Amino acid sequence: MIRLRRVWLPALSIRARITVGSLVVATLLFSTAAFFFRLEVQSILSETNETMLRNDAEPLISELQANPAEALQSASEGQLLAIIDPTGMVRKSSLPRSLDRQITGLTRLGQEPQNVDTPAATYLVSATPVSTDSGDWLVIAARSQQTSGLLLDQLTGVLSLGTLILTAGFGLASWLLTGAALRPVTRLREEAESLSTTGSSARLQVPAGNDELSRLAHTLNDFIERLRRGVDREKQIVSDASHELRTPLAVLQAQLELAHLNSGDAPALERDVRDASATAARLSRLATNLLELSKLESEQAPPETGWAGLVDEVTASVDRARVVQSGQELEVVYRIDGEDSVGRYTISPTNMGQLLDNLISNAVNAMGGNGSVTVTLASVAAGAVITVEDTGPGLPDAFIPLAFDRFSRPDNSRSSSSGGSGLGLAIVHAIVERAHGTISLRNTGDGLAVTIQLPRHVA
């Protein structure tokens with residue numbers, strides 16, 4: 001039974017499943033109601049017959065108590081009665097012949113009505129003793145149960161037919177109402193299929209109201225929008241990669257061809273191999289940066305970091321920059337302003353270190369080996385403020401609005417002379433956006449300042 005249900009029930013539509021379920025529930029409810037209604041009617045008929053049986057016997061009992069002789073002469077038309085004198089003789093009887101044959105057994109029934117079966121019918125019978133001066137008489141009263149049985153049978157038929165009609169009507173109503181309720185869902189599905197087939201960028205039509213269907217449409221639209229953003233990001237990455245990889249690949253190919261031509265000249269061959277190795281390293285960095293940027297722009301939420309984690313990454317990034325720039329006329333320092341023991345920030349320690357490494361590296365490359373870089377981490381009411389300032393040449397004012405675009409480079413000393421891919425600030429911007437923060441660039445007159453604000457969440 002369970003296996004059968006598992007096989008066929010999921011194959012039905014939602015409309016059919018709801019209708020089947022409604023029919024099962026309606027059948028149970030209506031059948032139970034009909035059953036108890038029949039029991040109630042049966043109880044009422046039984047009580048009515050017992051009352052009428054007593055009413056049939058009471059006048060005769062009263063007459064016996066007053067004058068037995070007159071009681072024997074009183075009429076009993078339409079009533080099934082019998083009178084037995086103190087000697088046990090039947091003095092008067094209007095009982096049917098089938099009960100007369102059982103008169104001896106009837107005298108032992110007692111005055112509580114009981115059912116007595118005969119070949120012809122079933123009777124409700126009572127035997128009531130009556131005390132008189134001449135002795136104890138016995139009045140036997142009977143009523144046929146045939147009428148009540150016929151009435152119950154007819155009622156059972158009516159209730160069965162009514163249950164079938166009500167159940168069928170309930171199932172039909174359920175089918176129609178479910179179809180009406182699911183019609184907007186069907187329209188949404190058809191509209192989604194149409195959008196999927198045509199590749200349209202339109203949104204699903206949201207039904208009027210604020211019910212489950214409208215909320216479903218809003219959820220689907222949000223989901224579709226996220227999918228489109230993801231597809232657009234992938235297309236952009238492929239486009240950017242194909243654009244940026246074309247030139248270094250062509251250069252690498254030319255360098256390898258030169259190395260092949262200079263195979264007999266060892267110094268020239270060594271120079272060509274060295275140049276090709278540098279080009280391959282640039283390609284590797286470019287591919288790594290593209291993958292990192294794609295990962296940062298995914299929908300996954302970053303882990304949280306406390307204030308101590310931010311401080312650790314600031315000090316570690318400055319230490320790494322000092323090691324790399326050892327021996328140059330460069331100064332890399334940091335400053336921590338304030339404390340935040342309960343604040344949490346939606347940025348991972350790895351992303352924090354990556355952000356600072358990119359900014360410090362850009363600043364150091366722009367200064368050409370001379371100058372200073374100051375990294376400041378300050379706690380404010382709204383969160384954390386990170387500032388990276390250098391004493392380099394700054395950026396052209398016209399380039400600042402484009403600085404966070406992929407593969408963008410200024411036409412000055414901060415350009416690609418250092419071999420940059422133009423993805424460093426794009427990666428920094430993606431990290432900050434993922435942390436729900438803001439980033440800005442400004443020329444200070446003595447160099448460039450990058451300011452990052454990270455929102456604070458109380459743990």
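The values are calculated or read from the model by the stated rules, or taken from the named source; none is laboratory data. These numbers were taken from a predicted model, which means no experiment stands behind them. Here the Cβ is made from the backbone with ideal geometry for all residues, glycine too, and neighbour counts use every protein chain on show. Just the protein is used for accessible areas: all its heavy atoms, side chains included, with ligands, DNA and RNA removed. Shrake-Rupley method; radii C 1.70, N 1.55, O 1.52, S 1.80 Å.
The table below gives the values:
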{"item": "Condition check for SER421: modelled with pLDDT under 85, assigned to a loop (DSSP other than H, G, I, E, B) and either among the hydrophobic types (A, V, I, L, M, F, W, C) or within 26 Å of ALA280 (Cβ to Cβ) (or both)", "result": "yes"}
{"item": "Single unsatisfied condition, ARG17 versus (1) surrounded by fewer than 16 Cβ atoms within 10 Å (Cβ to Cβ); (2) modelled with pLDDT under 85", "result": "(2)"}
{"item": "Residues within the stretch 367-395 that are out of contact with any Asp or Glu (no Cβ under 7 Å at 6 or more places or on another chain) and either more than 29 Å from ALA308 (Cα to Cα) or modelled with pLDDT under 85 (or both), tallied", "result": "5"}
{"item": "Residue in the stretch 192-204 that is at positive phi, exposed (fewer than 15 other Cβ atoms within 10 Å of the Cβ), modelled with pLDDT under 90 and within 46 Å of the chain's Cα centre (by Cα) present", "result": "yes"}
{"item": "Qualifying residues in the stretch 135-176 (those that are of a type outside the set (A, V, I, L, M, F, W, C) and free of Cβ contacts under 8 Å to residues at least 40 places away in the same chain) - the one most open to solvent (accessible area, probe 1.4 Å)", "result": "GLN154"}
{"item": "Selection from the stretch 83-132 of residues that are more than 21 Å from GLY149 (Cβ to Cβ) and in a strand (DSSP E or B)", "result": "ILE83, ILE84, VAL90, ARG91, LYS92, SER93, ALA127, THR128, PRO129, VAL130, SER131, THR132"}
{"item": "Residue within the stretch 205-215 that is open to solvent by 50 Å² or more (accessible area, probe 1.4 Å), in a helix (DSSP H, G or I) and either modelled with pLDDT of 70 or more or not hydroxyl-bearing (Ser, Thr, Tyr) (or both) present", "result": "yes"}
{"item": "Which listed residue, of THR87, THR107, THR48, THR118, is under 30 Å from LEU155 (Cα atoms), open to solvent by 40 Å² or more (accessible area, probe 1.4 Å) and β-branched (Val, Ile, Thr)", "result": "THR48"}
{"item": "Residue that is nearest to the chain's Cα centre (by Cα) [pool: residues in the stretch 330-373 that are within 17 Å of GLY437 (Cα to Cα) and open to solvent by 50 Å² or more (accessible area, probe 1.4 Å)]", "result": "ARG344"}
{"item": "Qualifying residue in the stretch 91-99 (condition: of a type in the set (A, V, I, L, M, F, W, C) and touching a Gly at 6+ places or on another chain (Cβ under 8 Å))", "result": "no"}
{"item": "Unique residue being part of a helix (DSSP H, G or I) and over 30 Å from SER94 (Cβ atoms) when the list is LEU177, LEU152", "result": "LEU177"}
{"item": "Qualifying positions in the stretch 329-371 - outside any helix (DSSP H, G or I), in contact with a Pro (Cβ under 9 Å, 6 or more places away or on another chain) and of a type in the set (S, T, N, Q)", "result": "THR346, SER348"}
